[in-house]
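Visitor: The structure is given below, and queries will be raised subsequently.
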Amino acid sequence: MDGDRNGRPDDSARRRLQGELRQLRQLRELRTREGGGRLETAPITGSSRTRLDQPRTARPGLISLPSYDPEAFGVLSERIARFLGTGRFIVWMTVVVVIWIGWNSLLPTTVRFDEYPFIFLTLALSLQASYAAPLILLAQNRQDNRDRVNMEQDRARSDRNIADTEYLAREVAALRHGLGEVATRDFVRSELQSLLKEMDERRDASGTL
């Protein structure tokens, strides 16, 4: 009986220590996984939990698409769209079309590569137009974004100017109100003249007495 009573507390304490060691081991594994930069779940006391203070990483798909720099692509599209909207492009395109049609119309048949009705030329022009339209739209979208940012900056600048103007107007009004209570030079001069006149009158009155 004494041995059972002495053994039961030891077994419960041993089980409690084993449970705490198991939890500490799980916490250490979770920290090592988080330190490796991977967001994983680890069972803690029979439940799975996910770190909420870390961003969820995208899972790699079966097909990895090629990545590109949107800024560099946007700059390139703006350059192409800017070139398409110049007279130089029209001149060069006209020269190419004239040479193409002359080559395939005037030269011998053996050296012609696009017979009438110039299907290859039509395909090339269609491809050029199909690529030019999205590039121009992309350049316009980027320009719209820049215009929107400039308009927001101009609006903020105008708001600051209005606030500064109102502040200066209040300061000027306060200064005018304060100067209204200050003695001016004319007022001091008139007061001195009246005081001298009063002193002269008193002196004349005392002399006659």
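Visitor: How much solvent-accessible surface does Val172 expose, in Å² to the nearest 10, with a 1.4 Å probe and all protein chains in place?
Guide: 80
Visitor: Round to the nearest 10 and report in Å² the accessible area of Phe120, as given by a 1.4 Å probe over the protein chains' heavy atoms.
Guide: 100
Visitor: Order these peptides, 99-106, 154-161, 136-143, by their mean beta-carbon neighbour count within 10 angstrom, highest first.
Guide: Taking the mean over residues of other Cβ atoms within 10 Å, the ranking is 136-143, 99-106, 154-161.
Visitor: Could I have the simple spin-label model distance between Leu179 and Gln193, label points 7 Å from Cα toward Cβ, reported in nm to one decimal?
Guide: 2.3
Visitor: Then there is this: Would you mind computing the Rg to Rh ratio of the range 98-178 from its alpha-carbon coordinates, Kirkwood style for Rh?
Guide: Rg/Rh for the range 98-178 comes to 1.67.
Visitor: Note down the nm distance, to one decimal, between modelled labels 7 Å out along Cα→Cβ at Ile90 and at Thr122.
Guide: So the two model labels end up 2.5 nm from each other.
Visitor: Could you give the length gained on full extension between Arg16 and Arg146, defined as 0.36 nm per residue of separation minus the Cα-Cα distance, in nm?
Guide: Extra length available between Arg16 and Arg146 comes to 40.3 nm.
Visitor: Report, to the nearest whole %, how much of the accessible area of the range 95-209 belongs to carbon and sulfur atoms, 1.4 Å probe, protein only.
Guide: Ligands and nucleic acids excluded, carbon and sulfur give 64 percent.
The values are calculated or read from the model by the stated rules, or taken from the named source; none is laboratory data. The shown structure was predicted, so the numbers you read here are calculated from the model rather than taken from an experiment. Glycine also receives a Cβ, built like all others from the backbone with ideal geometry; neighbour counts cover every protein chain displayed. Note: accessible area is taken over every heavy atom of the protein model, side chains too, but ligands, DNA and RNA are not part of it. Shrake-Rupley method; radii C 1.70, N 1.55, O 1.52, S 1.80 Å.
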